[in-house]
1. Return yes when residue 269 is crowded, with 16+ Cβ neighbours inside 10 Å and either closer than 18 Å to residue 135 by Cα or more than 21 Å from the chain's Cα centre (by Cα) (or both) and no when it is not.
2. Are any of the residues in the range 252-273 free of Cβ contacts under 8 Å to residues at least 12 places away in the same chain and under 26 Å from residue 127 (Cα atoms)?
3. If I filter the range 184-199 for residues that are in contact (Cβ under 8 Å) with a residue 12 or more places away in the chain and on the phi > 0 side of the Ramachandran plot, do I get at least one hit?
4. Of (1) modelled with pLDDT under 95; (2) under 21 Å from residue 36 (Cα atoms); (3) not in a helix (DSSP H, G or I), residue 193 satisfies all except one. Which?
5. Tell me which of these residue 44 doesn't satisfy, since it passes every other one: (1) under 23 Å from residue 7 (Cβ atoms); (2) buried (at least 17 other Cβ atoms within 10 Å of the Cβ); (3) modelled with pLDDT of 80 or more.
6. If you go through the range 48-59 one residue at a time, do you hit one that is assigned to a helix (DSSP H, G or I) and either within 18 Å of the chain's Cα centre (by Cα) or loosely packed, with under 12 Cβ neighbours inside 10 Å (or both)?
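The values are calculated or read from the model by the stated rules, or taken from the named source; none is laboratory data. From a predicted model like this one, the values you see are computed outputs, not experimental measurements. Here the Cβ is made from the backbone with ideal geometry for all residues, glycine too, and neighbour counts use every protein chain on show.
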């Protein structure tokens, strides 16, 4: 038991220190996710101000500051809280002789770096697309995912407005994705992570981007806006699940873009009764829903 407690404490303290060192610029710039996230956010926000798609939307749109808090909470504060638990699980799996290479299907460690990064990006994006489908399909998960869909006006910070319970699905499945690639992240994986943050911010932004012919491969704000639409196609529990890539939606026929005016109601049926503050939004999923 002492071994697990030490693992928890060391991981927690290590994540706290790494986050603090990031804030004061004492980590390499390419792994400084605190200021990287901040810089990407400011750039996309500037683009929203310079090239607004929905021109009636305020610069400080509805829930702007709530979403900004979610962004830093989910990216840093929750990571600190949960880091110790992940380390304990890693030690436990080691004791059970379950290693990162246990499920390896392909080992990309000897590939050229560009090939490693490309496969890493594609595999992890598919895993996230599949996870996103589960969040919509099953009522238990949807109760928590409602936090993300409670956004009433789209903007870059809505990207990271989500309930921390979503990590119960996302983290293990993303870890599984890494394991089937030989159990490691490429050395330059930070490139993939920063690209994913940028695409995610743009997808939720108030900017009209479609990428031309690349729209069938890369997700975009027009496509993602309809993922957040209140009214969905009949018989559907969701559309346009793509995270960074739209490719999966076109392959599995979950794509839906009826028009591109940007004038569509977003949210979900009954969202007027959904809590408006951070605390109650995060408690909502644990309560029995009223019928």
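1. Judged against the criteria, residue 269 is not a match.
2. yes
3. No, there is no match, as no residue in the range 184-199 is in contact (Cβ under 8 Å) with a residue 12 or more places away in the chain and on the phi > 0 side of the Ramachandran plot.
4. (3)
5. It fails just one condition, (1).
6. Yes, some residue in the range 48-59 is assigned to a helix (DSSP H, G or I) and either within 18 Å of the chain's Cα centre (by Cα) or loosely packed, with under 12 Cβ neighbours inside 10 Å (or both).
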